[in-house]
1. With the cut-off at 25 Å, tell me which of the pairs Lys36/Lys120; Lys26/Lys183; Lys110/Lys183; Lys25/Lys93; Lys109/Lys178; Lys36/Lys110 have Cα atoms farther apart than that.
2. Please express the shape of region 81-123 as an equivalent ellipsoid: the semi-axes are the square roots of 5 times the eigenvalues of the C-alpha gyration tensor, given largest first in whole angstrom.
3. Just the accessible area per residue of the chain, please: how many Å² with a 1.4 Å probe?
4. So if we plug the beta-carbon distance of Leu166 and Arg125 into 1/(1 + (r/R0)^6) with R0 = 25 Å, what FRET efficiency do we get, rounded to 0.05?
5. How much accessible surface area, in Å² rounded to 10, belongs to the heavy atoms of Lys178 with a 1.4 Å probe?
6. Within region 76-104, name every residue whose backbone N is under 17 Å away from a label modeled 7 Å from Cα of Thr48 along the Cβ vector.
7. So what's Rg/Rh here for region 74-183, counting alpha carbon atoms and using the Kirkwood radius for Rh?
8. Using a Gaussian network model on the chain with a 10 Å cutoff between Cα atoms, which of Leu50, Leu124, Leu73 fluctuates the most?
Amino acid sequence: MAQNVGRGGNIRSADLNGINLYQEKKRTVYYDIFTKNGYIINNAEARTYLLFSARYALAALVGCLVYYINNNLVVCLAVGLAVLVVLEVLFRKTYLYKLPEIKNYQRPKKAGYIAETAEKESYLRIVLLIICGVLLALMIASNTRNGVYKDQLSVVLAYVVTFGALFVAMLNVVALFKKFRNK
């Protein structure tokens, strides 16, 4: 996501960050894991990238909305997956392949989640991430115990999300200790 937005809502490519984004000396490169190529994102294309970077969250949101409407997990997953496929195709055909390409891009080594969080995030944000992870896990565990999730697949997904939230919370605990130690 973009960290800083300039005057008038302008987004610079240097402000973008993400899993497959690499900030080099004078350019921002998106690494495509399927083609093993890099694509240079300039300032004019930064806002469009920012919109497409939310494609996974949008697909999950649509899936959740469908589940809320019809309470059928299979339909929810199918619609969410279909939305994701459509958005991914749009991302590749209308945006990604129009960018300048770097064949066989060798991506630089990135710092891990713990090191990056300890270095770049504030104490308050790390603590809030820990609290959110723990509260999410407690809420889902409570809902599971109270029988909110009716079918077996929903229960399994609830446990997966619970353990995922606790795992991320533990990563943030380690990052917090690392931040204190490097102080």
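The values are calculated or read from the model by the stated rules, or taken from the named source; none is laboratory data. As the structure is a computational prediction, the values presented were derived from the model and not from experiment. For neighbour counting, all protein chains shown are included, and Cβ atoms are generated from backbone atoms with ideal geometry for every residue, glycine included. These area figures cover heavy atoms from the full protein model, side chains too; ligands, DNA and RNA do not enter into them. Shrake-Rupley method; radii C 1.70, N 1.55, O 1.52, S 1.80 Å.
1. Lys36/Lys120; Lys26/Lys183; Lys25/Lys93
2. Semi-axes, largest first: 30, 19, 9 Å.
3. Averaged over the residues of the chain, the accessible area is 67 Å².
4. Computed FRET efficiency for Leu166 and Arg125: 0.85.
5. Lys178 exposes around 60 Å² with every protein chain in place.
6. 87-102, by backbone N distance to the label point.
7. 1.11
8. Greatest mean-square fluctuation among the candidates belongs to Leu124.
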